[in-house]
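Here is the structure we will look at.
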Amino acid sequence: AGLDVKKSEIHGMSQRGGSVTSDVRFGSQVFSPMVPEREADYLVVLAADQVEVNRAALRPGGVLIEPSMIDAAKLGNKKSLNVALLGVLSRYLDFPAEAWREAIASRFPERLREANLQAFELGRQP
């Protein structure tokens, strides 16, 4: 789509069960991969215990996407929660749904592809 994209990750104590923070910024011109505090348009949190820890990153009026937005009983594979939350995020971003699907399909081996595409569709449901 001709956008400038930058990303960063902070792993902290992730190898010992701690959290990982990843920032993604995109636009016509991006100078830094880090999203300043209170400037994130969207905050995707993969674990309920990380909502309050990370809420300060979200700008006023920003969108919080969290695990409670997904009916876990409908997930074919519990490990696909992250992709289901990506489906929720996709409802807010102006990218074609098919582009999301193609990206997901290209990232997973065949044995995991269908479960992750189903998780994405679950997240896309309002």
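Structure summary
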quantity	calculated
Kirkwood-type radius of the stretch 1-56, with distances r between different C-alpha atoms, in Å	12.6
Taking the C-alpha atoms of the chain, convex hull volume expressed per residue in Å³	129
Vicinal HN-Hα couplings computed from phi for the stretch 21-27 (Karplus, 6.51 cos²θ - 1.76 cosθ + 1.60; Hz; Gly/Pro x)	10, 10, 10, 10, 10, 8, x
Order by protection proxy (mean Cβ within 10 Å, highest first), peptides 91-104, 35-48	35-48, 91-104
Set of aspartates and glutamates near Lys79 by C-alpha distance (under 18 Å), chain-local residues within fewer than 8 positions excluded	Asp49, Glu66, Asp71, Glu110, Glu114, Glu121
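A short reminder: the numbers here are calculations on the coordinates, not readings from a lab. Keep in mind that this is a model prediction, so the values were computed, not measured. Cβ atoms come from the backbone with ideal geometry, glycine included; neighbour counts cover every protein chain shown.
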